[in-house]
1. Quick check on residue 72: is it touching a residue at least 60 places away in the same chain (Cβ under 8 Å), in contact with a Phe, Trp or Tyr (Cβ under 7 Å, 6 or more places away or on another chain), surrounded by 15 or more Cβ atoms within 10 Å (Cβ to Cβ) and closer than 24 Å to residue 176 by Cβ?
2. Among the residues of the range 216-226, how many are assigned to a helix (DSSP H, G or I), surrounded by 14 or more Cβ atoms within 10 Å (Cβ to Cβ) and more than 18 Å from the chain's Cα centre (by Cα)?
3. Which helices (runs of 4 or more DSSP H) does the range 16-132 wholly contain that include 3 or more residues that are farther than 25 Å from residue 215 by Cα?
4. Residue 249 passes all but one of (1) touching a residue at least 24 places away in the same chain (Cβ under 8 Å); (2) over 26 Å from residue 133 (Cα atoms); (3) assigned to a helix (DSSP H, G or I); (4) not basic (Lys, Arg); which number fails?
5. Out of the helices (runs of 4 or more DSSP H) lying entirely within the range 152-203, which hold 2 or more residues that are aromatic (Phe, Trp, Tyr)?
6. Which one is nearest to residue 71 (Cα to Cα) among residues in the range 160-215 that are surrounded by 21 or more Cβ atoms within 10 Å (Cβ to Cβ) and hydroxyl-bearing (Ser, Thr, Tyr)?
7. Among the candidates 78, 58, 36, 99, which residue alone is surrounded by 18 or more Cβ atoms within 10 Å (Cβ to Cβ), more than 28 Å from residue 136 (Cα to Cα) and in contact (Cβ under 8 Å) with a residue 60 or more places away in the chain?
8. Within the group 64, 92, which residue is touching a residue at least 60 places away in the same chain (Cβ under 8 Å) and within 13 Å of the chain's Cα centre (by Cα)?
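The values are calculated or read from the model by the stated rules, or taken from the named source; none is laboratory data. Keep in mind the model is a prediction, meaning the values are calculated, not measured. Here the Cβ is made from the backbone with ideal geometry for all residues, glycine too, and neighbour counts use every protein chain on show.
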Amino acid sequence: MNYRAMRSIYLFEMARTWRTLLQSIVSPVISTSLYFVVFGAAIGSRIEEIDGVSYGAFIVPGLIMLSLLTQSISNASFGIYFPKFTGTIYEILSAPVSFLEITASYVGAAASKSIILGLIILATAALFVPLHIAHPFWMLLFLVLTAVTFSLFGFIIGIWADGFEKLQLVPLLIVTPLTFLGGSFYSINMLPPFWQKVTLFNPVVYLVSGFRWSFFGIADVSVGISLGMTLVFLAVCLCIVAWIFKTGYRLKT
């Protein structure tokens, strides 16, 4: 393993975060706080508790997951797209660095940013409502797995995209709506039976459900299934990245 090259790519990507601190950290935290204030005040006044948990606390895992998914994709997609845009990607590809090392560096940096952001949002939420994390280990596990998985997904989007507008296409039109419809702000058990079954086709449901279970010990679906779905998506993303580097898709042209 070329650890020096991996460290250089990782530190370069992390340094970009500190140079754009307002955009990378402050803006998502403010946006999430506004979500929390609006949903917590407007809906929380009408829905006091869900499954014995105050509504303000109930939406915290969903808000963290919303930011985690969007920021993981955004960080990773821009991180690999920018070298493609400037042409410096060819220097990386010609260097003695394997595709695994390149992927680990970019995805590791994007996931690190998202995890830091998620923890900051968690600390911010604690200022609004009292929080108790029932399973801290599983909370961190779901946080890390989700960040890594969707950073890989963003890495794939960054390679696929041939314009800046495409970098925002999937997060805005697919991921964000799926997150809102995935039980981030409500329990799917509140839906009619037919829509409960339809919602189970939404992969974000399993992420939010597993993450919420780590906080409150309640879940819409089995925790084992939530973890399994996350690992399956992670494996699929790894296979796609391996295929991209093997074939040179959108990299050699």
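1. Numbers: touching a residue at least 60 places away in the same chain (Cβ under 8 Å): yes; in contact with a Phe, Trp or Tyr (Cβ under 7 Å, 6 or more places away or on another chain): yes; surrounded by 15 or more Cβ atoms within 10 Å (Cβ to Cβ): yes; closer than 24 Å to residue 176 by Cβ: yes.
Considered against the rule, which asks whether it is touching a residue at least 60 places away in the same chain (Cβ under 8 Å), in contact with a Phe, Trp or Tyr (Cβ under 7 Å, 6 or more places away or on another chain), surrounded by 15 or more Cβ atoms within 10 Å (Cβ to Cβ) and closer than 24 Å to residue 176 by Cβ, residue 72 comes out as yes.
2. Narrowing the range 216-226 to residues assigned to a helix (DSSP H, G or I): 216, 223-226.
Restricting the remaining residues to those that are surrounded by 14 or more Cβ atoms within 10 Å (Cβ to Cβ) gives 216, 223, 225-226.
Keeping just the survivors that are more than 18 Å from the chain's Cα centre (by Cα) gives 216, 223, 225.
Of the residues in that region, 3 qualify.
3. Details: elements: 27-42, 55-58, 60-86, 89-94, 99-125.
Passing ranges, in order: 60-86, 89-94, 99-125.
4. Condition (3) is where residue 249 drops out.
5. Working: elements: 164-170, 176-180, 193-199.
Result: 193-199.
6. Top of the filtered list is 179.
7. Details: 58 fails: more than 28 Å from residue 136 (Cα to Cα); 36 fails: more than 28 Å from residue 136 (Cα to Cα); 99 fails: surrounded by 18 or more Cβ atoms within 10 Å (Cβ to Cβ).
The conditions single out 78.
8. 64
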